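Comments concern the structure below.
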Amino acid sequence: MRVRAIRGATQLEEDSREHLLERVAEMVTGVLDSNELTVDDFISIVFTATADLTSEFPAYAARLLGFDDVPLICARELEVAGSMPRVVRMLAHVETHLSRSEVTHVYLHGAAGLRRDLSRVREVPDSPDTPPGQQPPGEPE
């Protein structure tokens, strides 16, 4: 068993409590499913949110998914000029048999463009004919 760090990010369309809880749950569930993990495999999760997200704590979405005894913390993302708005990021520490190269990092919605080099699971908006995990024709890798 090894300790690994898994990253994730998602972008919201708006700052509303229900939307934030939905998007964060989608990201956390994506990390669980993509890496064949259970809640018991998690050591801790650090969530960050951009300054324009104030409707709810991202960690609350994980609590609703059953992360009752996993240490969670929320922090504010650095405000860098020109950075992507309405983004929640996560850094999860887990126990797993996966090697570093087998870990799947989850970047969803607009946040899929943040770290294409790390992400193997990404949602491509408005591309119903594109198979999951692939970029539509004409978009950079």
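Worth a mention:
- Residue order for Arg63, Arg86, Arg100, fewest other beta carbons within 10 angstrom first, comes to Arg100, Arg63, Arg86.
- Exposure proxy ranking, count of Cβ atoms within 10 Å, fewest first, for Val87, Val39, Val103: Val39, Val103, Val87
- Estimated at 0.36 nm per residue, the fully extended path between Asp40 and Arg115 surpasses their Cα-Cα distance by 24.3 nm.
- Calculated FRET efficiency for the pair Glu18/Ala75, C-beta based, R₀ 25 Å, to 0.05: 0.65
We did not get these values from a lab; they are worked out from the coordinates using the rules stated. Keep in mind that what you see is a predicted model, and the values were worked out from it rather than measured. Note: ideal-geometry Cβ built from the backbone for every residue, glycine included; neighbour counts use all protein chains shown.
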